[in-house]
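The values are calculated or read from the model by the stated rules, or taken from the named source; none is laboratory data. All values reported here derive from a predicted model rather than from experimental measurement. Ideal geometry is used to build each Cβ from the backbone, glycine not excepted, and the neighbour counts take in all protein chains shown.
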Amino acid sequence: MVDFDLRPIYQLRPYQETAVKLTLEALKQKKVPVIVIPTGGGKSLVIAELCRYKRLVEGKRILVLASRKELVRQNYEKIFHALARLDEKIGIYSAGLYVKEIGDITIGNVQSVYKINNTNLLNKDLIIIDEAHEINHDNEGMYRTIINRLKEHKSVEVVGLTATPYRLGHGLITTPPAIFDMIIRDESMTISALQRAGYLTELVAKETRDQVDTKDVTIRGGEFVERELEDAVKKLDEESVIDEIIFRGQLRKKWLIFTVGIRHAERINELLTAKGVKSYVVHSEIHDNDRDKIINKFLTDPETRCVVNANILTTGFDNPQIDLIALIRPTMSRGLFVQMVGRGFRVAPGKENCLVLDFAKNFARHGVDFDSLDPKLIEPAPDPERGEDSYSPPRTKTCPMCQAILSIATRVCPDCGYVFALQSKYWELNTTWEFEMKKKYHDKFLKIEKTIFKIEFSRNNNKMLVLENLCSMGKSIQKIRDYFMIFTPKFGKIFTDSVRRLKDLLERSGAEKERKFENDDEMIDYLNEHVKPIFLIYTMEETFMKVTKYFFTREEDE
């Protein structure tokens, strides 16, 4: 027997060690535990450590199951590293990966393992199931069949792992007749705890101008009927949706968009590419090999900005760079909702948070507390007295200043500082005018955090003056550029209009509007020092944000 103190080549985080310890204790008590670790929290390392201990210390033969080949590959890599220096046979049994080997530890696709007729080939003592919420709640389905086959011959331990320990229509996955009877999760393993520790990034959720209206969509089996949902999303102004995603995503690196179905995904992708965004679409009609190539491009190509998907990239997909998620897919399933937004939890260099644009009113249904196992959140029910898209009790409210979606109990918006208590002195002194302007212009009225004048050249090599406005949208910064074609008279009306606008800026800022400059550098230095607007209003012209108004003081007349 190899000494268990021989450590693997990876280092477990404290909460992962806790998860392993609690699970081993539960198995000794003959429990059937399910480990709850958030998306991005490193479930595969917990699986690897369980395999290492159970194999080396107890000599168990182990079967690790998952429904997607990506998860099979991830789990194999971690388990291989856990036992890399030891003479242990580790097999992969997955048609999707073109490998069918059985070892002392076998990592397999449930679909492939289910087809094995001779269960003696497996002869396992422990079954570990990744994404355990996929197991059928009743005694049927592939997972249940495999477990029952093995239990016919011997006593078998079962452990599950998931980020979402609930199933639509059944509540918690420990509710009888579920296979699991114990949830493994302590306070160190929650999403909020991992965010505080820096293991997961923050989500910043924003309400959008356009939202899917689901009042006429039938709910069957606890979820919206997809055919009717596809009809509902067709009523959206999809051009407006795309414009908002493009605007809010200017300084975001990687966007992931969830849609209702294949045709919807293709429409959204076509609109994005037509507006110059390098975007791809993945769905069930795209061959696995082509899908893998697209996902690899999304992971490795800096120019590939976006992937639009329909019911594909909810589990087993890991791209830490994702910093914008657009939900155009309404769901009554809390599990699906948390899995979708969970794609943005992973940390990456330079990533401060992940922006979630909720075109689907999903936060209104499920709230912003991702750690809660409250049955009222797990099974949201519309409140007929408040309308089909309202829920009782109300889960969220929206900041009128920055459109952040917040807990109903929030008093001060953490994104922009807006105070909800109207009697607050701070609110009366500092946000009354801004609040009214925000109500009037929605997100097209923005606070300017910094202005930068610079000289650039057009495609025709004409020199332009550019005013770059870095605008605040809560914790996000958006860049809006304003162009002044003032260096060549051949532009005619545009030239005249640019000079007029620039003189207006100089006059309203108190600078000298007829001042002469020796060179461009002198002019840029003067403008950066003296012309500093503090708010702006813009309009969308195709993909271009055009500034229509600058403000140099609060409560300035329009």
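Just one residue in the set VAL282, VAL338, VAL307 is aliphatic (A, V, I, L, M), touching a helix residue (DSSP H, G or I) at 6+ places or on another chain (Cβ under 8 Å) and over 12 Å from LEU256 (Cβ atoms); that residue is VAL338. Filtered by the rule that a residue be among the small types (Gly, Ala, Ser) and crowded, with 17+ Cβ neighbours inside 10 Å, region 362-380 gives ALA364, GLY367. With the condition kept exactly as written, say whether any residue in region 327-334 is buried (at least 23 other Cβ atoms within 10 Å of the Cβ), of a type in the set (Gly, Ala, Ser) and over 18 Å from LEU251 (Cα atoms). Taking every residue of region 327-334 in turn, at least one turns out to be buried (at least 23 other Cβ atoms within 10 Å of the Cβ), of a type in the set (Gly, Ala, Ser) and over 18 Å from LEU251 (Cα atoms). Remark: pairs (first residue in region 34-53, in the same structural domain as GLU77 (by TED's automatic domain parsing); second residue small (Gly, Ala, Ser) and in a helix (DSSP H, G or I); Cβ separation under 6 Å; 6+ apart in sequence or on different chains) = VAL34/ALA132; ILE35/ALA19; THR39/GLY342; VAL46/ALA19; ALA48/ALA82; ARG52/ALA82. One residue alone among LEU272, LEU229, LEU251 is assigned by TED's automatic domain parsing to the domain that holds PHE298, aliphatic (A, V, I, L, M), farther than 16 Å from ARG209 by Cβ and not in a helix (DSSP H, G or I), and that residue is LEU251. Scanning region 275-296 for residues that are hydrophobic (A, V, I, L, M, F, W, C) and in a loop (DSSP other than H, G, I, E, B), we see that the one that is farthest from the chain's Cα centre (by Cα) is ILE286.
Yes/no matrix, rows are residues, columns are (1) touching a residue at least 60 places away in the same chain (Cβ under 8 Å); (2) small (Gly, Ala, Ser); (3) closer than 18 Å to PHE370 by Cα; (4) assigned by TED's automatic domain parsing to the domain that holds LEU256:
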position	(1), (2), (3), (4)
GLY141	no, yes, no, no
SER155	no, yes, no, no
VAL159	yes, no, no, no
ALA163	yes, yes, yes, no
THR175	no, no, no, no
MET182	yes, no, no, no
ARG185	yes, no, yes, no
MET189	yes, no, yes, no
VAL212	yes, no, no, yes
